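> Take this structure first; my questions come after.
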Amino acid sequence: MRIVAGSRKGARIFAPKGSGTRPTSDRVREALFSILGPIDDVRVLDLYAGSGALGLEALSRGAESAVFVESDRAAVQAIERNVAKLELPGATVVRADALRFLATTRETYELVFLDPPYELLESLRMPLATNLPRVLEPGGAAVLETAAGVELELPLDIRATRRYGSTSVTVYEARA
């Protein structure tokens, strides 16, 4: 895996070993950031961060900061290794349960990435519907990666939904 664009374009990033994470492919990240447009100076929250590929890509493309939230120890180590290698300022790595973090944070963000284990999606609907709008800045975007054909109904507007092989990406937008 590589960073697709920005100040660290082409840099290789590490992914945790094993099948516990599904890093977002370069092709999907490139298409996603085309949908999002410029992200200069935005604050990013990367929940279920895995390798950190989405948040790292955002920092490389000019995001002000990124908070990576991941509960798996090996994934946290991979994110920390990637942050150190890429020397991107503004990165904070938090080892915590993503839903608990989302429910307790007092910060707000302009961009939130969510790439949870697909088998958890239905159980996430209510906690996300309750807490995601609270942490999104007005006009901010939340990006949810799911299995193809799966879409969660959330109290946010849908800006775009795209399918890439067995993956769907839905971009939600908070009302301004």
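The values are calculated or read from the model by the stated rules, or taken from the named source; none is laboratory data. Only a predicted model underlies this, so the values are computations on that prediction, with no experimental measurement involved. Methodologically, a virtual Cβ is constructed for each residue, glycine included, from the backbone with ideal geometry; neighbour enumeration extends over all protein chains shown.
> Can you tell me which residue in the stretch 18-47 is nearest to residue 101 (Cα to Cα), limited to those that are in contact with a Leu (Cβ under 6 Å, 6 or more places away or on another chain) and not β-branched (Val, Ile, Thr)?
47
> Does residue 120 satisfy the condition of being under 25 Å from residue 151 (Cα atoms), within 15 Å of the chain's Cα centre (by Cα) and not small (Gly, Ala, Ser)? Reasoning before the result, please.
Working: under 25 Å from residue 151 (Cα atoms): yes; within 15 Å of the chain's Cα centre (by Cα): no; not small (Gly, Ala, Ser): yes.
Here the answer is no, as residue 120 does not meet what is asked.
> Go through (1) over 27 Å from residue 27 (Cβ atoms); (2) assigned to a loop (DSSP other than H, G, I, E, B) for residue 151 and report which single condition fails.
(1)
> Would you tally the residues in the stretch 98-111 being surrounded by fewer than 15 Cβ atoms within 10 Å (Cβ to Cβ) and of a type outside the set (Gly, Ala, Ser)?
Number satisfying all stated conditions: 4.
> Looking for something under 24 Å from residue 132 (Cβ atoms), modelled with pLDDT of 95 or more and touching a Gly at 6+ places or on another chain (Cβ under 8 Å) - is there at least one such residue anywhere in the stretch 76-92?
Keep residues of the stretch 76-92 that are under 24 Å from residue 132 (Cβ atoms), which gives 76, 79, 90-92.
Cutting the leftovers down to modelled with pLDDT of 95 or more gives us 76, 79, 90-92.
Checking the rest, the ones that are also touching a Gly at 6+ places or on another chain (Cβ under 8 Å) come to 79, 91.
Scanning the stretch 76-92 turns up at least one residue that is under 24 Å from residue 132 (Cβ atoms), modelled with pLDDT of 95 or more and touching a Gly at 6+ places or on another chain (Cβ under 8 Å).
> Take the residues in the stretch 1-23 that are more than 16 Å from residue 59 (Cα to Cα) and of a type in the set (Ser, Thr, Tyr); name whichever of them is modelled with the highest pLDDT.
Ranking the qualifying residues of the stretch 1-23, first place goes to 21.
> Could I ask something else about it? Which of the following residues is among the charged types (D, E, K, R), over 23 Å from residue 162 (Cα atoms) and out of contact with any helix residue (DSSP H, G or I) (no Cβ under 7 Å at 6 or more places or on another chain): 119, 110, 64?
On the way: 119 fails: over 23 Å from residue 162 (Cα atoms); 110 fails: over 23 Å from residue 162 (Cα atoms).
The unique qualifying residue is 64.
> Determine which member of the set 66, 49, 58, 31 is in a helix (DSSP H, G or I), touching a strand residue (DSSP E or B) at 6+ places or on another chain (Cβ under 8 Å), buried (at least 24 other Cβ atoms within 10 Å of the Cβ) and not charged (D, E, K, R).
Numbers: 66 fails: in a helix (DSSP H, G or I); 49 fails: in a helix (DSSP H, G or I); 31 fails: buried (at least 24 other Cβ atoms within 10 Å of the Cβ).
It is 58.
> Would you call residue 88 in contact (Cβ under 8 Å) with a residue 24 or more places away in the chain, in a loop (DSSP other than H, G, I, E, B) and hydrophobic (A, V, I, L, M, F, W, C)?
Working: in contact (Cβ under 8 Å) with a residue 24 or more places away in the chain: yes; in a loop (DSSP other than H, G, I, E, B): yes; hydrophobic (A, V, I, L, M, F, W, C): yes.
So residue 88 fits the description; yes.
> Do we have residue 80 as over 13 Å from the mean Cα position of the chain (by Cα), closer than 19 Å to residue 146 by Cα and either acidic (Asp, Glu) or assigned to a loop (DSSP other than H, G, I, E, B) (or both) here? Quick ask: steps written out before the conclusion?
On the way: over 13 Å from the mean Cα position of the chain (by Cα): yes; closer than 19 Å to residue 146 by Cα: no; either acidic (Asp, Glu) or assigned to a loop (DSSP other than H, G, I, E, B) (or both): yes.
No; evaluated as a whole, the condition is false for this residue.
> If you go through the stretch 103-143, how many residues are assigned to a strand (DSSP E or B), closer than 21 Å to residue 33 by Cβ and not acidic (Asp, Glu)?
The total comes to 11.
> Now for a different question. In the stretch 34-46, how many are in a helix (DSSP H, G or I) and not hydrophobic (A, V, I, L, M, F, W, C)?
Filtering the stretch 34-46 for residues in a helix (DSSP H, G or I) gives 34-36.
Within this subset, residues satisfying the condition of being not hydrophobic (A, V, I, L, M, F, W, C) are 34.
Of the residues in the stretch 34-46, 1 are in a helix (DSSP H, G or I) and not hydrophobic (A, V, I, L, M, F, W, C).
> Given the conditions (1) exposed (fewer than 14 other Cβ atoms within 10 Å of the Cβ); (2) touching a strand residue (DSSP E or B) at 6+ places or on another chain (Cβ under 8 Å); (3) among the hydroxyl-bearing types (Ser, Thr, Tyr), report the number of the one that residue 172 does not fulfil.
Condition not satisfied by residue 172: (1).
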